[in-house]
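Nothing in this text is a laboratory measurement; each read-out follows from the coordinates by a stated rule. Keep in mind the model is a prediction, meaning the values are calculated, not measured. With ideal geometry, Cβ positions are generated from the backbone for all residues, glycine too; neighbour counts draw on all protein chains shown.
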Amino acid sequence: MKTLLVLPILIPLGTAVACLLIRKSLRTQRALAVAGSGALFVAGLALLAGVWRGGIAAVQIGQWPAPFGITLVSDLFSAIMVVLAGLVGFAVAVYSLGTMDHARERFGYHPLFSILLMGVCGAFLTGDLFNLYVWFEVMLIASFVLLVLGGEREQIEGAIKYVTLNLLSSALFLAAVGLLYGTTGTLNMADLSLQLSQQSTDLTPALAMLFLLAFGIKAAIFPLFFWLPASYHTAPVAVSAVFAGLLTKVGVYSLIRVFTLLFAQDPGFTHKLILVLSGLTMLTGVLGAVAQSEFRRILSFHIVSQIGFMILGLGLLTPLALAGSIFYIAHHIIVKTNLFLVSGAVHRLRGSYELKKLGGVYRASPWLAALFLVPAMSLAGLPPLSGFFAKLSLVMAGLNAAQHLIVAVALLVGILTLFSMTKIWAEVFWKPASQSPVESRPPLRPPQWMSMVAPIAVLAVITVAIGLLAEPIFLLAARAAEQLLHPAEYIEAVLGKTSCVPSY
Amino acid sequence: MHVVLAVVIGGLYAAGIYLMLRRSIVKLIIGLALLSNAANLLIFTAAGLRRGRPPLVPEDASVLATPYADPLPQALILTAIVIGFGVLAFAVVLVHLAWQTVGTDDLDRMNTTDRQP
């Protein structure tokens, strides 16, 4: 079990180092990247199975006792996130085989990709707030380089916005960590949870707001989301797919972790605020998407709107709502990555992301059209796909908590999402191909096309499977939510049975 | 000493945010650097300042005498400085690259990614 906790960090690290050592051979690097992310997925599944059977697992790095050293903890929520990171990593690594150009590969695309996965998994597994900051930075620096790799004008402009906002968020996070250490004298999250529940100072709400601001920028919630649609669509499609799937979700993960474990003393203020923000996030995101006419920009605005759904469950803070949030995150990561991959495949066929210049893809490749329809309808929340059950549980939780306004907003956003997905369907797939000749593309070799379509197909099958097997997966989410709402088990796993904290 | 540092940190934050609100990307980067330094000093101050009490156990004792300087914030700051340095180095290169490819350092003219085509 202890090894399993460290493996999701060690595997990508090993892959990255190996890729750097064999810089010359791109073929071996590709094989390593696919094998590494596949191994990460398997390790994630093993971790999830272990946590499901044996409860929350913790390991003290270097055998330093709990509140002093660095702790890695995995409850069900962390394990689910690691599995999803492995899945997205694997799908995108396979997809990159057919789409990534040699120039970018030679500049170290594969090692950077592994380091990004390492940062993401580290953030999910750490039990220490400062360590979380470090993992954030590992993830960020890898994402910075991945975003500008290639150096096109659009990428540079997008990167300036992305880098600035993320550095600002890191500075706020760091300040919040420092102030929290000043008031409590610890940074271990389990220990902090104990300390903050016992004595809450005047500074606590201010600290909670600082964390909300710092993670809110990373998660792209209202009104801090504007960097996301300005930057995500500029990178190569494999990069934007992995960003869309994983990066903002690390912010959401941290929000959920911090606002269930540390700042749950005054839900009347903090969680109410999160609820209001979630409604505004959903609405502004989807309205932004409706106004767009570029494939990936539409999808980027939908990320923002979906983030609203994820923190809606956190705002309600009931077992059903949190389970809904976790289910939603799992559904969203798979579906959103898939939609970006489809947009890349369409671009490969037609040479554009502009809806105006696209069309006729249904005639050219009916299978791709069918594969688009699965994640698109799932995103809009049509039964029996995964998005339906995710939305259903959140709406039910909202009705149980008598928050009718937010339920109405969520349903309206669902309809507008459907509108925007049908717009893409009509413009890209259904309408006849545009007359203007598109730039000539190099001929598409079948193995290359397979490496693009296979991950799309696998993710679509998983989307359908989550919809059809909603009950066991919801059970998993419900147990994860239960663990989040009752931090005693988490604290015991980290600090041991005698959870008396040494005073110093 | 607390008061002096508080004023310094406040000044750094104010200057950093002011520079970030300017339109030049060079000033933006300087603002970011000031901001991360302000955060580092904030950790240093918030964790408590104690002069002349190093966290060393004297030879004739087995535990520390209680008012001692906490070494942990300094370790945190050291980590943050190293990370901040790396990130800042990247940001400087990015700004240079932006100036080369876009041909301006004016943020208001870097709007191709936000415009509708």
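Tabulated values for the structure
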quantity: So A:Ala190, is it within 22 Å of A:Phe124 (Cβ to Cβ) and within 14 Å of another protein chain (Cβ to nearest Cβ); calculated: no
quantity: Number of positions in the range A:159-177 that are in contact (Cβ under 8 Å) with a residue 40 or more places away in the chain and either among the aromatic types (Phe, Trp, Tyr) or under 16 Å from B:Ile83 (Cα atoms) (or both); calculated: 10
quantity: Within the range A:46-76, considering residues that are under 21 Å from A:Gly86 (Cβ atoms), loosely packed, with under 15 Cβ neighbours inside 10 Å and not charged (D, E, K, R), the one farthest from the chain's Cα centre (by Cα); calculated: A:Gly54
quantity: Residue that is farthest from A:Gly36 (Cα to Cα) [pool: residues in the range A:120-138 that are more than 12 Å from chain B (Cβ to nearest Cβ) and assigned to a helix (DSSP H, G or I)]; calculated: A:Leu132
quantity: The range B:58-93, residues that are among the acidic types (Asp, Glu) and over 19 Å from A:Ile70 (Cα atoms); calculated: B:Glu59, B:Asp60
quantity: Matching residues, the range A:389-434, being among the small types (Gly, Ala, Ser) and in a helix (DSSP H, G or I); calculated: A:Ala390, A:Ser393, A:Ala397, A:Gly398, A:Ala408, A:Ala410, A:Gly414, A:Ser420, A:Ala426
quantity: Set A:Val92, A:Val34: member being within 17 Å of A:Leu246 (Cα to Cα) and assigned to a helix (DSSP H, G or I); calculated: A:Val92
quantity: Filter pass, B:Leu64 being over 25 Å from the mean Cα position of the chain (by Cα) and of a type in the set (A, V, I, L, M, F, W, C); calculated: yes
quantity: Filter result for the condition that a residue is buried (at least 22 other Cβ atoms within 10 Å of the Cβ), in a helix (DSSP H, G or I) and within 11 Å of chain B (Cβ to nearest Cβ), over A:Ile156, A:Ile141; calculated: A:Ile156
quantity: Criterion violated by A:Thr201 - all others in (1) surrounded by fewer than 23 Cβ atoms within 10 Å (Cβ to Cβ); (2) in a helix (DSSP H, G or I); (3) more than 9 Å from every other protein chain (Cβ to nearest Cβ) satisfied; calculated: (2)
quantity: In the range B:72-81, the residues that are more than 10 Å from chain A (Cβ to nearest Cβ) and surrounded by 12 or more Cβ atoms within 10 Å (Cβ to Cβ); calculated: B:Gln74, B:Ile81
quantity: Residues of the range B:17-48 classified as at the interface with chain A (Cβ under 8 Å from one of its Cβ atoms) and of a type in the set (Gly, Ala, Ser), total; calculated: 6
quantity: Filtered residue count, the range B:1-58, keeping only those that are of a type in the set (D, E, K, R) and under 28 Å from A:Leu165 (Cβ atoms); calculated: 3
quantity: Residue match in the range B:74-82 (condition: more than 18 Å from B:Lys27 (Cβ to Cβ) and touching a Phe, Trp or Tyr at 6+ places or on another chain (Cβ under 7 Å)); calculated: yes
quantity: Residue in the range A:200-222 that is farther than 19 Å from A:Val138 by Cα and out of contact with any helix residue (DSSP H, G or I) (no Cβ under 9 Å at 6 or more places or on another chain) present; calculated: yes
